[in-house]
Amino acid sequence: MIENERNIRQQLVLEAARRMMTAARTAPKGKGIDIVEIGMATDEDILRLSDEMVRIAEETGMKFFLRDAENIKQAEAIVLLGTRQQTQGLNCAHCGFATCAEKPEAVPCAINSVDLGIAIGSACAMAADMRVDTRVMFSAGLAAQRLHYLGEASKCVMAIPVSASSKNPFFDRKPKETKQA
């Protein structure tokens, strides 16, 4: 039997994305408390994410959202990682406030942000091990956060589009040109 890689590529990318999610889940967490949320968008959910990114570009004027909105359409899957906000009671002052009690609710706990960063690093390391194309995207993560893809409690969401192609589509990207009237 001859199996052509082109016929199973999507299946392999989805498996790689699932392994990335497992790597993120098993990454070390501050105080051993798991506040990381992880999910995967595919198919029409990627298109909804792209549409939301276009809306954000229109609202904010940040043109790179338009470029990224087109770019994520080349992904077979998008791994989403976010964090619920929960102070860890360490009074470490890394958030800029002397104690957890002084920290305003809108200011994220630094330990939560570090945990998210470690989870992203673990997911990206797995992607490298699996030899799939990726890029960490704040823009797609913000759109996923607004769409509540990881639930309403996830406040800081990042996205990692995943594909397998002869050239990583998430690098060497050209800015999306807006049409002049």
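The values are calculated or read from the model by the stated rules, or taken from the named source; none is laboratory data. Computed from a predicted structure; not experimentally measured. All Cβ positions, even for glycine, are placed from backbone atoms using ideal geometry, and neighbour counts span all protein chains on display. For the accessible areas, the whole protein counts, side chains as well, though only heavy atoms, and no ligand, DNA or RNA atoms are used. Shrake-Rupley method; radii C 1.70, N 1.55, O 1.52, S 1.80 Å.
Ignoring ligands, DNA and RNA, please state the percent of accessible area on the stretch 58-181 from carbon and sulfur, probe 1.4 Å. Don't skip to the answer; put the middle values down first.
Numbers: 3590 of 6640 Å².
Exposed carbon and sulfur together represent 54 percent of the surface.
GNM on the chain, alpha-carbon springs under 10 angstrom: the most fluctuating residue among 110, 41, 123 is 110.
Taking label points 7 Å from Cα along the Cα-to-Cβ direction, residue 146 and residue 85 give a separation of 1.8 nm.
Along the stretch 45-55 the Karplus relation, 6.51 cos²θ - 1.76 cosθ + 1.60 evaluated at θ = phi - 60°, assigns HN-Hα couplings of 5, 5, 5, 4, 4, 4, 4, 5, 5, 5, 4 Hz to successive residues, with x for each Gly and Pro.
What you get for the stretch 91-172, charging only the Cβ of Lys and Arg (+1) and of Asp and Glu (-1), is a dipole of about 180 debye around the Cα centre. Normalised Debye scattering of the chain at q = 0.09, 0.17 Å⁻¹ gives log10 I(q)/I(0) of -0.35, -1.06, counting only Cα atoms as equal scatterers and leaving out solvent.
Near residue 113: Cβ cut-off under 13 Å, other residues only, Lys/Arg at +1 and Asp/Glu at -1. The net charge is +3.
Each Lys and Arg adds +1 at its Cβ and each Asp and Glu adds -1 at its Cβ; summed about the Cα centre, the chain shows a dipole of about 340 debye.
Size check on the stretch 36-83: the Cα extents along the three principal axes, sorted descending, read 29, 24, 14 Å. D by Stokes-Einstein for the stretch 57-137, Kirkwood Rh over Cα pairs, 37 °C, 0.692 mPa s: 213 µm²/s. Think of a 1.4 Å ball rolled over the protein heavy atoms: the chain then has 56 Å² of accessible area per residue.
Summary value for the stretch 24-165: 32 percent relative contact order, contacts being C-alpha pairs under 8 angstrom separated by 6+ residues.
For the chain, adding -39500 (n - 2.57) for each run of n ≥ 4 DSSP H residues and dividing by the number of residues yields -14000 deg cm²/dmol at 222 nm. Evaluate the Debye formula for the stretch 11-109 with equal point scatterers sitting on the alpha carbons, no solvent, and hand back log10 of I(q)/I(0) at q = 0.17 Å⁻¹, in q order, two decimals. Taking Cα atoms of the stretch 11-109 as identical point scatterers yields -0.93.
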